[in-house]
Structures are given as C-alpha cells and as structure tokens.
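Right, one structure below, let's go through it.
Taken together, the values in this text are just the output of simple stated rules run on the coordinates, not laboratory data. Just so it is clear, the model here is predicted, and its values are computed rather than measured. We place every Cβ from the backbone using ideal geometry, glycine too, and count neighbours over all the protein chains shown.
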Ligand SMILES: Cc1ncc(COP(=O)(O)O)c(C=O)c1O
C-alpha cells in the first residue's frame, strides 16, 4: 500500500527533535520557527512532557468515556484557571476540526437555528461541518454544498447585523487571529461589536482559538486582547504539543444531556496527561510572558528589514509579507536550515515557533532573514 498523496512535502525527514530544533537522518539540525504548524507550544520532547506521558502509559493509556476518568477533571480544572474561563465546561476531542464541528453543532442545538455566519478566508477545518464555515472552495466536495453559511467581510458589522436580523442564525464563528489567511487580525472594535450583536440577537459567539490560542499571542486566547468573552471557544494544536487532543470550552448556559455529543478517543488518559504537562510547563516557564516579550522583539526587529512589506499578528503568531517571500522561505529552509510556515499568499511567512523560544534563537532567525534580504 502507498500513502494517499495529498501533501506537498519538503524532502526532509526529521527523526529526532529537542526544544526548538529538529534533526534529520544525517543529524542536520533545523531551527523550528514553524512549530510543526503552531502545534509545538512547549518545545519538542520537553523532559517533563515525556516523563508525564511515560508514567501515564505505564498505568493506563485509554478507557472509553463510559467510566470515571479523573484526569479529565484535573485537566478541565487547570485549563479553566489558566485560560480565564473557570466557570465553563470542557468537552474533549482529538483535533481542531472536531472542536469546531462540535461547537457549530452546540450553537445549533442551543438556539434551534440552522445557519452560521463566518468570514472571508476563514479556516476552521476539513470535516463537513467545519468546511461549511471554511472559505476555501478547493477543499469542498459537492457533498459539502450543505445548508449554506455566509462568508462576510471582516470588520463589516452592518453586514453581520443584516444576516442576524433574518432570525435563523445560530451562531457566528471567527478565528481569534486568522491563520491560513496569512495572520489577519480582527480589530478590537470588530470583536467587541460581534459580542454585542450576538447578545442582541441571541446568537452563539464561537471563537476558534485552535491556532491563535494557548498563549501563542501573549494572552491565553487572542480574543482576550479585545477584552471579550466567547460563548464557545475551540482549542487544539498547542494544547497537546503534538499529542492529538482538542477541546471545546462551553458556557454554563448550554445544557448537556446524555448522548448530545460523544467520541471514542476524545479525553483519553494519555492525551490528558500530555495536555496537563503542557499547562504545567507553560506555568513553570512563564511561556505566555515569553511569547509576548519575544514576539514584541521580533516585530520590532522585522520592521527594520529591507524586503519586509507588512507585519501582522501578535506574540509568536506573526505574518511577514516579503518581497520574494516564497523564494526567501525556501532559502531559509535549504540554506539556513530554518523552518517557517507558508500561507494562502506564498509571499507571507508565518512565524509560529515554540512559546519558550529564546532570544538567541530569535536572533538566529533574524540574522538569516537579514542576509536573505541583502542586509
Ligand atoms: C483556526 C483553525 N481552526 C481549525 C483548524 C483545524 O484543525 P485540525 O487540523 O487539527 O483539524 C485549524 C488548522 O490549521 C486552524 O488553524
């Protein structure tokens, strides 16, 4: 059997990883400014993370959600406190798309309405419900034509209100900061306006923090920069530092009932141990403060680089629009051994390093970029 060939891949095979670095078969060392797509939050193979997963594995790795699993409660408690959502309830799944899928379903269950408002260039995952609110035609099969979501321009509150007035909208879904679109930030006023409109029309406000959450932007969630609270928050990526886990944070006004949501693997013992290890390391190493500090430093230095045409984002979720960006991204990887992320616009570099990256590692990246920009 061969692999189903859907990924454009670089011909590099990492076989080992540690901290902010990955190593290929020949022992060549790469600086990871991509974090395996915003997934590596506390650095690769962090010793505490490895130890916690190992000791969990020695006891019990999995049992179905038909029994008491105390480690889920431990995770919910710690996550509630760390995220500023202590009164919310947690539903655990395995990925970002599943988190969004369940959030959309909850909005519809709760309001009894069918439609969801999403925004231009939104990306919420590739399962069928998540695809309904994902604005990339190429990813959709005719099977996904569905009940129709509306994609509205970011920042257009009047357009949002027009749709809400129709009375059939269950919810509004928005990324804390759009990732795949190339690090596009909704303004504080827009997020606050969405909060007010959702309240006025009794629609559910869903914040997709799968990429922008977990401390990446210098606060636990990106939408917290706007001082708002969401009704539902979706998380994944950095939550498990590579162990597949996702979650939905749910306002207490949503009523749970037996069988409303469900999953086989979601919330398994091993995944919860990984997620707890991530939160423990984040706390121990002040990872969120580090993300803010080094994010500010990177942005300040980037503004002085010749070919940089625009910088977006916050903390360690930064988009850099470059003259010849695509070529520079390749050169960073193949000449300087530095991974960065791409975006729907190939001239945008997405910077998503581990949250505990060091200043020295930031300088290594900046020096390589300066060289590529002729400085
Ligand atoms: C904002 C956002 N939502 C959802 C997803 C889907 O997550 P997953 O690939 O884990 O299903 C992604 C993945 O990139 C994302 O960036």
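Taking other C-beta atoms within 10 angstrom as a stand-in for reagent exposure, 45, 217, 312 fall in the order 45, 312, 217, fewest first.
Between 237, 138, 16, the GNM of the chain built on Cα springs shorter than 10 angstrom shows 138 fluctuating the most.
For region 128-261, state the average projected area of the convex hull of the C-alpha atoms over all orientations, rounded to one decimal in nm². Intermediate values should be presented prior to the final figure.
Numbers: hull surface 37.8 nm².
Spelled out: convex hull of the Cα atoms, projected over all directions, averaged, 9.4 nm².
Using Cα pairs under 8 angstrom and six or more residues apart, how large is the relative contact order of the chain, in percent? Contact order relative to length: 22 percent. Select from 211, 192, 132 the residue whose mean-square fluctuation is largest in a Gaussian network model of the chain (Cα-Cα springs shorter than 10 Å). In this elastic network of the chain, the residue with the biggest mean-square fluctuation among 211, 192, 132 is 192. Each part reduced to its alpha carbon centroid, region 98-147 and region 228-243 end up 17 Å apart.
Shape analysis of region 135-199 places it in the oblate category; the axes a ≥ b ≥ c from the Cα gyration tensor give an a/c of at least 1.5, with a/b not above b/c. Note on region 1-41: Rg/Rh from C-alpha atoms, Kirkwood Rh, equals 1.03. The ranking of 113, 219, 165 from fewest to most other beta carbons within 10 Å of each one's beta carbon is 165, 113, 219. Between residue 5 and residue 359, the distance separating the two model label sites (each 7 Å from Cα on the Cα→Cβ line) works out to 4.8 nm. Its Cα gyration tensor gives the chain an equivalent ellipsoid, and the semi-axes of that ellipsoid, as √(5λ) in whole Å with the largest first, are 32, 26, 19. Directionally averaged projected area (region 189-255, Cα convex hull): 4.9 nm².
Comparing 342, 84, 246 in a Gaussian network model of the chain (Cα springs below 10 Å), the most mobile by mean-square fluctuation is 84.
For region 66-190, the Stokes-Einstein estimate of translational diffusion at 37 °C and a viscosity of 0.692 mPa s comes to 204 µm²/s, using the Kirkwood hydrodynamic radius over alpha-carbon pairs. Taking label points 7 Å from Cα along the Cα-to-Cβ direction, residue 64 and residue 303 give a separation of 5.7 nm. Once both labels are positioned 7 Å from their Cα atoms along Cα-to-Cβ, the gap between residue 264 and residue 145 label points is 3.2 nm.
Distance from the Cα centroid of region 1-46 to that of region 256-325 is 17 Å (rounded to whole angstrom). Every helix of 4 or more DSSP H residues in the chain counts as -39500 (n - 2.57), and over all residues that averages to -10500 deg cm²/dmol at 222 nm. Centre-to-centre, using Cα atoms only, region 327-344 and region 151-172 are separated by 38 Å.
By counting other Cβ atoms within 10 Å of each Cβ, how are 85, 297 ranked from fewest to most?
297, 85
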